[in-house]
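Notes to accompany the following structure.
The values are calculated or read from the model by the stated rules, or taken from the named source; none is laboratory data. Quick caveat, the model's predicted, so the values are computed rather than measured. Quick reminder, even Gly has a Cβ in these numbers, built from the backbone with ideal geometry, and neighbours come from all protein chains shown.
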Amino acid sequence: MPFVLDNSVVSGWYLEDRVSDYSEAVARALRTDRAHVPAIWELELTNVLRTACLRQRMQAQRAQAVLTQLASLPISVDRHPVARSELLALSLRFGLSTYDAAYLELALRLQCPIATRDEALLAAAMAAGVGGLELK
């Protein structure tokens, strides 16, 4: 089943303090499923890597390797233009940042669940009817 993938899960694949059973299960799900991310994901991802490098939690060479590894996964970056008014409406309705509203908007448009470790985003996905990705 396709799903929307939040950066809170992805960061658990390469930052030791963010590893979780859930992030590992989502990684395994990508063996057979496709993930979708909003375009903002690329900026969030590279910013987390940048911050890890600046805090000396990761070397730049390793950060580049992470980007290469992620590029090989079945993750589709959605480039569909989204109305700013739609993001604002979703963020206000569900109490999300507009960044997180981008993930919710994509999940609603694709009608698929969100893989996230973010409690507010998960609650919004549940309330909006797309739900969170459940893995066994």
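Here are the numbers:
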{"item": "Pair list, Cβ < 9 Å and 6+ apart or interchain, from the range 97-108 residues that are free of Cβ contacts under 8 Å to residues at least 24 places away in the same chain to residues that are among the acidic types (Asp, Glu) and surrounded by fewer than 23 Cβ atoms within 10 Å (Cβ to Cβ)", "result": "Ala101/Glu86"}
{"item": "Of residues in the range 118-136 being exposed (fewer than 13 other Cβ atoms within 10 Å of the Cβ) and under 16 Å from the mean Cα position of the chain (by Cα), the one farthest from Leu104 (Cα to Cα)", "result": "Glu134"}
{"item": "Residue within the range 1-14 that is modelled with pLDDT under 95, in contact with a Cys (Cβ under 8 Å, 6 or more places away or on another chain) and closer than 29 Å to Lys136 by Cα present", "result": "yes"}
{"item": "Hits in the range 52-72 - residues which are touching a residue at least 24 places away in the same chain (Cβ under 8 Å) and under 27 Å from Leu87 (Cα atoms)", "result": "Leu70"}
{"item": "Residues that are farther than 20 Å from Pro81 by Cβ, among the acidic types (Asp, Glu) and in a helix (DSSP H, G or I), drawn from the range 1-51", "result": "Glu16, Asp17, Asp21, Glu24"}
{"item": "Test: residue in the range 100-107 that is surrounded by fewer than 17 Cβ atoms within 10 Å (Cβ to Cβ) and modelled with pLDDT of 95 or more", "result": "no"}
{"item": "Positions within the range 80-96 being polar (S, T, N, Q) and loosely packed, with under 13 Cβ neighbours inside 10 Å, in sequence order", "result": "Ser85"}
{"item": "Ile114, sole failed condition from (1) closer than 15 Å to Pro2 by Cβ; (2) free of Cβ contacts under 8 Å to residues at least 60 places away in the same chain", "result": "(2)"}
{"item": "Residues that are among the polar types (S, T, N, Q), over 22 Å from Cys53 (Cβ atoms) and not in a helix (DSSP H, G or I), drawn from the range 66-92", "result": "Ser76"}
